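Enquirer: Before I ask anything, let me first share the structure, which is written out below as structure tokens.
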Ligand SMILES: [Zn+2]
């Protein structure tokens with residue numbers, strides 16, 4: 001396992017898996033970092049990414065492009081701040097996403113949360129651009145997506 005820090009972003013690389021945590025911004029040259037990742041299939045986990053700016057998004061795309069040239073890239077636990085940006089970019093259309101975070105709100109109690117949406121379990125509804133209703137952690141009633149489905153689900157459209 002190797003870990004390193006680029007600005008305010010922590011990276012952990014284990015065989016077949018890259019985990020990012022923190023902020024992807026001007027201080028995160030992910031395009032250069034790609035050279036350190038061995039060729040082959042890889043899972044990228046961004047559960048703990050909290051922020052990305054426009055330069056960070058450019059670096060993120062350079063990283064993903066480089067890794068996709070060398071193997072299959074699968075995204076797990078995609079951060080809310082990244083999934084909405086990835087939905088704006090056609091090159092991510094059809095990529096393999098196992099799960100992602102999305103902003104939800106509970107119509108019963110008003111609680112807001114960013115739960116993890118399992119894209120395998122809910123594949124059918126995602127293809128129809130319908131966000132699955134998920135249980136509220138506060139009251140147990142079903143929560144709804146708090147945003148336009150296009151912001152999160154365009155990537156899954158059949
Ligand atoms: Zn609730």
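Enquirer: Rounding to the nearest 10 and keeping the result within 0 to 90°, find how far the Cα-based axis of helix 54-68 lies from the longest principal axis of the chain.
Expert: Long axis of 54-68 versus the principal axis of the chain: about 70 degrees.
Enquirer: Continuing with this model, one more query. Cα gyration tensor of region 2-101, axes a ≥ b ≥ c as square roots of the eigenvalues: rounded (a/c below 1.5), prolate (a/b > b/c) or oblate?
Expert: It comes out rounded by the Cα gyration axes.
Enquirer: Take residue 89, project a point 7 Å from its Cα along the Cβ direction, then tell me which residues of region 39-53 have their backbone nitrogen under 19 Å from it.
Expert: Only 42-53 pass the distance filter.
Enquirer: Shifting gears a bit: Over the Cα atoms of region 3-50, what is the Rg over Rh ratio if Rh follows Kirkwood?
Expert: That ratio is 0.94, to two decimals.
Enquirer: Still on this structure: Tell me the relative contact order for the chain as a rounded percent, counting alpha carbon contacts under 8 Å between residues six or more apart.
Expert: 16
Enquirer: Tell me what the chain gives for mean residue ellipticity at 222 nm when only DSSP H runs of n ≥ 4 count, each as -39,500 (n - 2.57), the sum divided by the residue total, rounded to 500 deg cm²/dmol.
Expert: Mean residue ellipticity, 222 nm, calculated: -6000 deg cm²/dmol.
Bear in mind that the values in this text are calculations on the coordinates, not laboratory data. Predicted model, so just to flag it, every value in this text is computed and none were measured. Note: ideal-geometry Cβ built from the backbone for every residue, glycine included; neighbour counts use all protein chains shown.
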